[in-house]
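Note sheet for the following structure.
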Amino acid sequence: MEKYWHVLNIGLQNTLVYRLNFLFRATFGLIPLTATIFVWRTIYAGKTDGRVGSYELAQMVSYYLVVTIVDALTAVTEDDWQIAADIKDGNISQFLLKPMDYLTYRLCLFGAGRLVYAVVALVPTVAFLWLLRADFVLPPDAATAGWFIVSVGLTALLQFLMSFTLALLAFWVLEVATFIFIAFAFEYLAGGHLFPLDILPPAVAALLDYTPFPYLTYFPVSIWLGRVPADALPHGVLVQLLWVVAAYALARLVWSRGIRKYSAVGG
């Protein structure tokens, strides 16, 4: 494990170079969030019962604020592109000759990137939350907050493993950009990033429950808001863990098949 701690340390040092970029990205990323909140305030202003689905205004605003927190901690940014580039450019050959697992190597870099980004984004995000503190809903109790932390960790792993597997398509195709954009668009909708999934028709929401997408954003946010019953929390986190295990198995399978097809020439 010592070599992976070394990779994590190098990843932290390399990522810190872009701390100013991260600060600007986190700060200006709050602009579309502000527009979204204004849109929902306008929608609620026309509601006589003050609800959309089962959400009050404070809960809806908090939903998008917590989505921002979850994104800062779990979102995959450049990792999939870098993995695809390693395969396409032949840089992955060096890992085949060393006692280092490529998936674990990339996971360490992903963790380093998320850690630095989360720390840098903390300042503008906390300031934004303070401005909207009147509409910010906290977890109902400490146990719920603990389950939220566990779920966010599993969300990060699931995000990474799905992106890793998608990037491995570079073993078979020259350009994976189309696949990445399609997956991102679908994840944005089916993951609950754009709106809470439980305001969809019940049949559609029930169908999405059989996919891993709700566990990328919607599920951890719902835990924070206390919308997952206490007796259902262990079951929900267990299902999320099973999706992580399935994504890991798929990543290993695609990697093993891809390596058989991979070839590199030149020095």
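Numbers below:
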{"quantity": "Coil-residue chymotrypsin sites (Phe, Trp or Tyr not before Pro) of the stretch 156-236, DSSP, other Cβ within 10 Å capped at 16", "calculated": "TRP172, TYR210"}
{"quantity": "Stokes-Einstein D (µm²/s) once Rh is taken as the Kirkwood radius of the stretch 167-211 over alpha-carbon pairs, at 20 °C in 1.002 mPa s", "calculated": "177"}
{"quantity": "Neighbour cut-off at most 15 other Cβ (10 Å), DSSP loop, chymotrypsin sites (Phe, Trp or Tyr not before Pro), the stretch 115-158", "calculated": "PHE136"}
{"quantity": "Computed [θ] at 222 nm, deg cm²/dmol, the chain (DSSP H ≥ 4; -39,500 (n - 2.57); rounded to nearest 500)", "calculated": "-23000 deg cm²/dmol"}
{"quantity": "Cα-based helix-to-principal-axis angle, 142-167 vs the chain, degrees rounded to 10", "calculated": "40"}
{"quantity": "Relative contact order, percent, the stretch 2-261 [alpha-carbon distance under 8 Å, six or more residues apart]", "calculated": "28"}
{"quantity": "Between 0 and 90°, nearest 10: helix 79-89 axis offset from the chain longest Cα axis", "calculated": "20"}
{"quantity": "Check: the chain dipole with +1 on Lys, Arg Cβ and -1 on Asp, Glu Cβ, in debye", "calculated": "400"}
{"quantity": "Neighbour-limited loop hits for trypsin sites (Lys or Arg not before Pro), the stretch 19-73 (at most 13 other Cβ within 10 Å; DSSP other than H, G, I, E, B)", "calculated": "LYS47"}
{"quantity": "Tally of Lys pairs whose C-alpha atoms are under 20 Å apart, taken over the chain, 8 or more apart or cross-chain", "calculated": "4"}
{"quantity": "Prolate/oblate/rounded label for the stretch 32-161 (Cα gyration tensor, a/c 1.5)", "calculated": "prolate"}
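Values quoted throughout were computed directly from the atomic coordinates according to the rules given, and no laboratory measurement underlies them. It should be emphasised that the depicted structure is a prediction, and the values quoted were computed from it without experimental measurement. Please note: Cβ atoms are built from the backbone with ideal geometry, for glycine as well, and neighbour counts cover all protein chains shown.
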